[in-house]
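S.K.: Structure below; questions to follow.
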Amino acid sequence: MSDRAHRPRQQAAGPEDRRPAGSTELLEYTATRSRDYLAQVSHRRVAAEWTSEELRGLLGRPLSAEGEPDPAIIESLAHAGDHATIASSGPRYFGFVVGGNLPAALAADWLVSTWDQNGAIYAMSPLAAVVEEITAGWLREIAGLAASMSVGFTTGCQMASFTGLAAARHRVLERAGWDVEVEGLCGAPPIDVIVSDEAHYTIVMALRLLGLGGRRVRRIATDGQGRMRIDALRAALQSTRAPCIVCAQAGNVNTGAFDPLCEIAEATRKSGAWLHVDGAFGLWASASPEYATLTRGIEHADSIATDGHKWLNVPYDCGIVFCADSQAHRAAMSLEAAYIVGSSCERDPHEFVPEESRRARATPVYAALRSLGRAGLSRLVEDCCRHARRFAQGLHAAGYEILNDVVLNQVLVAFGDGERTRRTIAALQQEGTCWCGGTVWQGRTAMRISVSNWRTTDEDVERSLEAMLRVAALSAHG
Ligand SMILES: *Cc1c(COP(=O)(O)O)cnc(C)c1O
């Protein structure tokens with residue numbers, strides 16, 4: 001086919017403006033705009049500058065019949081990005097648990113889109129498949145997990161949990177003489193699912209998608225830090241006859257606390273239940289000799305879910321699931337299709353995840369790990385935790401109440417009553433030096449500070465702390 005045949009047909013309408021996507025100029029322009037964005041993300045106001053109306057004004061329009069020039073499209077998006085993003089990849093965003101993006105991971109993410117590989121099977125992308133395999137090995141090593149654990153790269157931690165719990169559903173029902181992949185759930189033996197009162201809502205969502213939601217889920221009481229109470233779990237396991245799945249947590253999204261994983265693993269194993277652990281951000285504590293004790297016991301889990309796009313600081317979208325029972329993992333996620341001619345000895349990534357066609361999403365993880373090395377990852381974790389402690393110490397010294405034991409990277413602070421705390425959060429977001437969100441912790445309204453970005457420096461912490469104290473003092477009076 002001649003090169004001509006590939007050109008867009010509308011070219012006659014304005015050939016000079018209609019550079020095909022992928023042209024050198026367009027990509028160079030985009031790289032420049034990205035570079036400028038990153039250069040200012042450390043200095044700008046953290047909150048979005050534009051309102052949704054302003055955004056609609058710039059980006060909304062009737063869809064054109066013939067298409068528009070590519071540079072104009074990228075220009076308007078980049079312009080919107082400069083003014084309407086929240087600077088969550090910057091160093092003073094402490095909302096939720098979001099992480100950032102390491103330069104090597106971001107650059108690798110560009111390559112992933114450039115290559116446009118379908119990372120589903122080895123035959124479609126040997127590169128994607130092999131990078132996944134290598135990255136999976138490094139991740140198991142970092143987390144101290146058995147080399148035999150199977151690994152899948154999902155869109156996020158919710159889907160990583162979905163995958164781990166699908167493997168769980170397969171195995172516990174298989175032991176009860178039921179093939180869930182063939183028979184479905186109608187008429188299946190009931191499964192008891194045990195989660196803590198503090199389970200992340202994405203666990204509940206994953207269970208619901210698997211037909212294990214609602215009344216099937218028993219909730220276990222937690223302590224003052226949100227850790228599952230082991231005595232309550234043991235009692236619950238004792239009264240369970242049915243096939244059973246237990247979901248524990250490594251890193252509470254409010255307090256950063258870890259469930260007692262060793263005891264939970266032991267109790268779960270004794271009762272023959274499956275143990276799934278949600279370690280969305282907490283699993284990364286295992287990368288630091290100083291914090292690894294928090295994750296002790298996680299190596300006994302049957303399945304573990306974590307995020308790449310939070311604390312590992314790779315761009316969205318990236319979650320990771322580990323499964324000790326690799327046979328159950330594959331049975332739950334793969335379907336023999338005649339046209340997917342297996343590449344025999346090579347690993348097909350899609351056999352470990354819910355998606356079929358998928359981006360080569362292990363690649364940014366691969367780049368991040370090579371860039372950081374073991375010590376770099378450990379420092380990333382430790383720096384964030386040190387920053388969190390500094391926030392807690394500075395706020396406490398000013399007379400504000402810290403509601404959690406700061407064991408990791410999460411801090412909960414109350415600025416007096418709920419009303420004043422809410423006022424302070426709103427004023428701080430408005431002020432723009434930094435961004436923190438609100439939460440309710442065991443009945444108390446609190447501001448949550450999550451430090452999970454490699455870009456955050458000591459100076460960012462001091463500047464943000466100063467802003468918090470200034471804004472809190474002002475909001476003391478209505
Ligand atoms: C963020 C988070 C999740 C969900 O992860 P996604 O990547 O958003 O799907 C699950 N559990 C915990 C503890 C989290 O912090």
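The values are calculated or read from the model by the stated rules, or taken from the named source; none is laboratory data. Since this is a predicted model, take the numbers as computed values, not measurements. Ideal geometry is used to build each Cβ from the backbone, glycine not excepted, and the neighbour counts take in all protein chains shown. Ligands, DNA and RNA are excluded from the accessible area calculation, which covers all protein heavy atoms including side chains. Shrake-Rupley method; radii C 1.70, N 1.55, O 1.52, S 1.80 Å.
S.K.: Can you tell me which residues in the range 309-326 are within 22 Å of Leu372 (Cα to Cα) and more than 9 Å from the ligand (Cβ to nearest atom)?
M.R.: Scanning the range 309-326 gives Trp311, Leu312, Asn313, Val314, Pro315, Ile320, Val321, Phe322.
S.K.: Could you please find all residues in the range 422-451 being surrounded by fewer than 23 Cβ atoms within 10 Å (Cβ to Cβ) and over 27 Å from the mean Cα position of the chain (by Cα)?
M.R.: Across the range 422-451, the qualifying residues are Arg423, Ala427, Glu431.
S.K.: Then there's this: Give the range 180-232 a look and list any residue that's open to solvent by 70 Å² or more (accessible area, probe 1.4 Å) and under 25 Å from Val411 (Cβ atoms), or say none.
M.R.: Within the range 180-232, Asp197, Tyr201, Arg227, Arg229 meet the criteria.
S.K.: How many residues does the range 1-54 contain that are in a helix (DSSP H, G or I), under 29 Å from Ala108 (Cβ atoms) and at pLDDT 50 or above? Steps first, please.
M.R.: Taking the range 1-54 as the starting set, the residues that turn out to be in a helix (DSSP H, G or I) are 3-6, 9-13, 24-41, 52-54.
Going one step further and asking which of them are under 29 Å from Ala108 (Cβ atoms), we end up with 6, 24-41.
Filter again for at pLDDT 50 or above, leaving 24-41.
Total satisfying the criteria: 18.
S.K.: Among the residues of the range 452-463, is any over 30 Å from Asp223 (Cβ atoms), part of a loop (DSSP other than H, G, I, E, B) and open to solvent by less than 50 Å² (accessible area, probe 1.4 Å)?
M.R.: Taking the range 452-463 first, the residues over 30 Å from Asp223 (Cβ atoms) are 454-455, 457-460, 462-463.
Next, only the ones that are part of a loop (DSSP other than H, G, I, E, B) stay: 454-455, 457.
When the remaining residues are screened for being open to solvent by less than 50 Å² (accessible area, probe 1.4 Å), the result is 455.
Yes, because at least one residue in the range 452-463 is over 30 Å from Asp223 (Cβ atoms), part of a loop (DSSP other than H, G, I, E, B) and open to solvent by less than 50 Å² (accessible area, probe 1.4 Å).
S.K.: Moving on to the next point. Restricting to the range 417-439, name every residue that is of a type in the set (Gly, Ala, Ser) and more than 16 Å from Arg45 (Cα to Cα). Walk me through how you get there before you give the answer.
M.R.: Step one: list which residues in the range 417-439 are of a type in the set (Gly, Ala, Ser), which gives 418, 426-427, 432, 437-438.
Scanning the range 417-439 gives Gly418, Gly438.
S.K.: Something else: Looking at Ala301, Ala305, which is the one that is at pLDDT 95 or above, within 30 Å of Ala368 (Cβ to Cβ) and within 11 Å of the ligand (Cβ to nearest atom)? Steps first, please.
M.R.: On the way: Ala301 fails: within 11 Å of the ligand (Cβ to nearest atom).
Step by step, each of Ala301, Ala305 is checked, and only Ala305 is at pLDDT 95 or above, within 30 Å of Ala368 (Cβ to Cβ) and within 11 Å of the ligand (Cβ to nearest atom).
S.K.: Answer yes or no as to whether Val204 is outside any helix (DSSP H, G or I), within 12 Å of the ligand (Cβ to nearest atom) and touching a residue at least 12 places away in the same chain (Cβ under 8 Å).
M.R.: Working: outside any helix (DSSP H, G or I): no; within 12 Å of the ligand (Cβ to nearest atom): yes; touching a residue at least 12 places away in the same chain (Cβ under 8 Å): yes.
Answer is no for this residue.
S.K.: Of everything in the range 244-267 that's surrounded by fewer than 24 Cβ atoms within 10 Å (Cβ to Cβ) and within 17 Å of the chain's Cα centre (by Cα), which residue is farthest from the ligand (Cβ to nearest atom)?
M.R.: The qualifying residue farthest from the ligand (Cβ to nearest atom) is Asn254.
S.K.: Here is a further query. Identify all residues within the range 207-241 that are away from the ligand (no atom under 16 Å from the Cβ) and among the hydroxyl-bearing types (Ser, Thr, Tyr); write none if there are none.
M.R.: Ser239, Thr240
S.K.: Of all residues in the range 99-111 being assigned to a loop (DSSP other than H, G, I, E, B) and within 16 Å of the ligand (Cβ to nearest atom), which is surrounded by the most Cβ atoms within 10 Å (Cβ to Cβ)?
M.R.: Going through the range 99-111, the residues assigned to a loop (DSSP other than H, G, I, E, B) turn out to be 99-102.
Now drop any that are not within 16 Å of the ligand (Cβ to nearest atom), which leaves 99-101.
Numbers: Gly99: 29, Gly100: 25, Asn101: 23.
Filtering first and then ranking leaves Gly99.
S.K.: I've got another one for you. Assuming Thr155 fulfils every condition listed in (1) open to solvent by less than 30 Å² (accessible area, probe 1.4 Å); (2) over 25 Å from Pro289 (Cα atoms); (3) within 16 Å of the ligand (Cβ to nearest atom) apart from one, which condition is it?
M.R.: Only one criterion in (1) open to solvent by less than 30 Å² (accessible area, probe 1.4 Å); (2) over 25 Å from Pro289 (Cα atoms); (3) within 16 Å of the ligand (Cβ to nearest atom) is unmet by Thr155, namely (1).
S.K.: Is it the case that some residue within the range 71-82 is within 29 Å of Ala280 (Cβ to Cβ), modelled with pLDDT of 95 or more, away from the ligand (no atom under 16 Å from the Cβ) and under 26 Å from the mean Cα position of the chain (by Cα)? Please lay out each step first, then the result.
M.R.: Our first condition is that a residue be within 29 Å of Ala280 (Cβ to Cβ); within the range 71-82, this holds for 81.
So of that shortlist, the ones also modelled with pLDDT of 95 or more come out as 81.
Of the ones still in play, those that are also away from the ligand (no atom under 16 Å from the Cβ) are 81.
Retained after the next criterion (residues that are under 26 Å from the mean Cα position of the chain (by Cα)): 81.
The answer is yes; a qualifying residue exists.
S.K.: Still on this structure: Provide a single number: the residues in the range 62-108 that are in contact with a Ser or Thr (Cβ under 7 Å, 6 or more places away or on another chain) and farther than 23 Å from Gly256 by Cβ.
M.R.: Residues meeting the conditions: 3.
S.K.: Restricting attention to the range 176-201, report how many residues are within 20 Å of Ala236 (Cα to Cα) and more than 12 Å from the ligand (Cβ to nearest atom).
M.R.: 8
S.K.: Oh, and also: Scanning for something surrounded by 16 or more Cβ atoms within 10 Å (Cβ to Cβ), in contact (Cβ under 8 Å) with a residue 40 or more places away in the chain and closer than 24 Å to Cys436 by Cα, does the range 66-78 turn up at least one residue?
M.R.: No, the conditions are met nowhere in the range 66-78.
S.K.: Name, by its number, the condition in (1) within 30 Å of Ala426 (Cα to Cα); (2) in a helix (DSSP H, G or I) that does not hold for Phe96.
M.R.: The failed condition is (2).
S.K.: Restricting the first residue to the range 296-310 and requiring it to be on the phi < 0 side of the Ramachandran plot, which pairs with a second residue that is within 9 Å of the ligand (Cβ to nearest atom) and in a helix (DSSP H, G or I) meet a Cβ separation below 6 Å and a spacing of at least six or different chains?
M.R.: Between residues of the range 296-310 that are on the phi < 0 side of the Ramachandran plot and residues that are within 9 Å of the ligand (Cβ to nearest atom) and in a helix (DSSP H, G or I), the close pairs are Ala305/Cys157; Ala305/Ala160; Ala305/Ser161; Asp307/Cys157.
So that you can scan it fast, the table gives a plain yes or no per residue for (1) farther than 27 Å from Phe281 by Cα; (2) crowded, with 16+ Cβ neighbours inside 10 Å; (3) among the acidic types (Asp, Glu):
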| site | (1), (2), (3) |
| --- | --- |
| Ser88 | no, yes, no |
| Ser113 | no, no, no |
| Ala120 | no, yes, no |
| Met124 | yes, yes, no |
